[in-house]
Amino acid sequence: AQTVTQSQPEMSVQEAETVTLSCTYDTSESDYYLFWYKQPPSRQMILVIRQEAYKQQNATENRFSVNFQKAAKSFSLKISDSQLGDAAMYFCAYRSYNTDKLIFGTGTRLQVFP
Amino acid sequence: DVKVTQSSRYLVKRTGEKVFLECVQDMDHENMFWYRQDPGLGLRLIYFSYDVKMKEKGDIPEGYSVSREKKERFSLILESASTNQTSMYLCASSSGALAEKTYEQYFGPGTRLTVT
């Protein structure tokens with residue numbers, strides 16, 4: 001069975017600085033998808049970024065980028081130029097190619113200080 | 001924009017009560033999901049449905065049942081609420097269309113259920 005591990009329960013960053021959130025996963029599959037979701041204090045979870053395992057190029061969405069290391073089974077999220085609005089719980093999630101179910105990590109709470 | 005709505009943001013029930021949590025999505029999505037979110041445990045899948053009247057158990061289905069009579073609505077039922085079911089419940093939906101297989105799940109705002 002696949003598992004997702006987020007080893008940082010909490011992280012903090014100064015406004016305008018860069019922070020990296022870690023995620024590792026375990027799978028024997030070769031085709032899958034990885035996601036980072038953000039859950040702000042208001043609780044509506046939204047997608048930040050996704051990565052298809054077959055793509056070698058790391059995904060980027062504005063200030064958010066990932067470092068996808070398939071061999072190491074690592075999928076970290078880098079937030080550049082951090083803003084106060086980035087403060088939230090961040091969840092890493094895995095999805096097999098042939099299913100619609102997601103497997104989530106335990107989350108990392110990010111605090112952003114002015 | 002996809003909208004997933006949940007019937008209540010906060011709910012307080014007594015032990016032994018039957019509890020209904022309702023979820024509605026407006027994007028004609030085939031797939032709908034119920035998760036439970038607890039601190040330090042992340043989100044755990046309770047049940048999901050990939051079509052009307054179809055359901056499949058997730059990782060923690062014990063003590064829960066679901067109903068999907070219409071495509072847009074997915075209900076989570078706690079037959080006899082217990083204190084260990086106090087939690088945040090999140091509903092989500094996603095498209096089952098092959099062309100949209102990489103697309104994400106869209107989440108509702110959550111229902112904070114307290115069982116006393």
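When the Cα positions of A:Thr60, A:Gln111, B:Cys91 are compared along the charge dipole of the protein assembly as shown, B:Cys91 comes out farthest toward the positive end, with charges on each C-beta of Lys, Arg, Asp and Glu. Quick check on chain A: take the gyration tensor over C-alpha atoms, sort the square-rooted eigenvalues as a ≥ b ≥ c, and tell me if it's rounded (a/c under 1.5), prolate or oblate. Verdict is prolate for chain A. Computed across the range B:1-62, the Kirkwood hydrodynamic radius from all distinct Cα-Cα pairs reaches 13.5 Å. Once both labels are positioned 7 Å from their Cα atoms along Cα-to-Cβ, the gap between A:Gln56 and B:Asp51 label points is 4.0 nm. Extending 7 Å from Cα along the Cβ direction at A:Lys73 and again at A:Met11 yields two label points whose distance is 2.1 nm. In this label model, B:Ser65 and B:Lys18 are separated by 0.8 nm, measuring between points 7 Å along each Cα→Cβ vector.
How high is the FRET efficiency from B:Ile77 to B:Asp38, r the C-beta distance, R0 22 Å, rounded to 0.05?
Step by step, r from the Cβ atoms, then E = 0.70.
Using R0 = 25 Å, the C-beta based FRET efficiency linking A:Gln44 and B:Thr86 works out to 0.75. Just so you know, the Rg over Rh for the range A:1-56 is 1.01, from Cα atoms, with Rh as the Kirkwood radius.
Each Lys and Arg Cβ is given +1 and each Asp and Glu Cβ -1; about its Cα centre, chain B then shows a dipole of about 380 debye. Under the rule a/c < 1.5 gives rounded, and otherwise a/b versus b/c splits prolate from oblate, where does chain B land using the Cα gyration tensor? Note, shape of chain B comes out prolate.
When only Cα pairs below 8 angstrom with a gap of at least 6 residues are kept, chain B shows a relative contact order of 36 percent.
Would you kindly give the portion of the calculated P(r) for the protein assembly as shown that falls above 26 Å, as a percent of all Cα pairs?
Numbers: 9833 of 26335 pairs.
Every Cα pair in the protein assembly as shown considered, those over 26 Å come to 37 percent.
Normalising the average separation of contacting C-alpha pairs (under 8 angstrom, six or more residues apart) by the number of residues puts the relative contact order of the range A:1-90 at 33 percent.
All of the numbers you see were taken from the coordinates with simple rules; none came from a lab. Remember, predicted model here, so these are calculated numbers, not experimental data. Please note: Cβ atoms are built from the backbone with ideal geometry, for glycine as well, and neighbour counts cover all protein chains shown.
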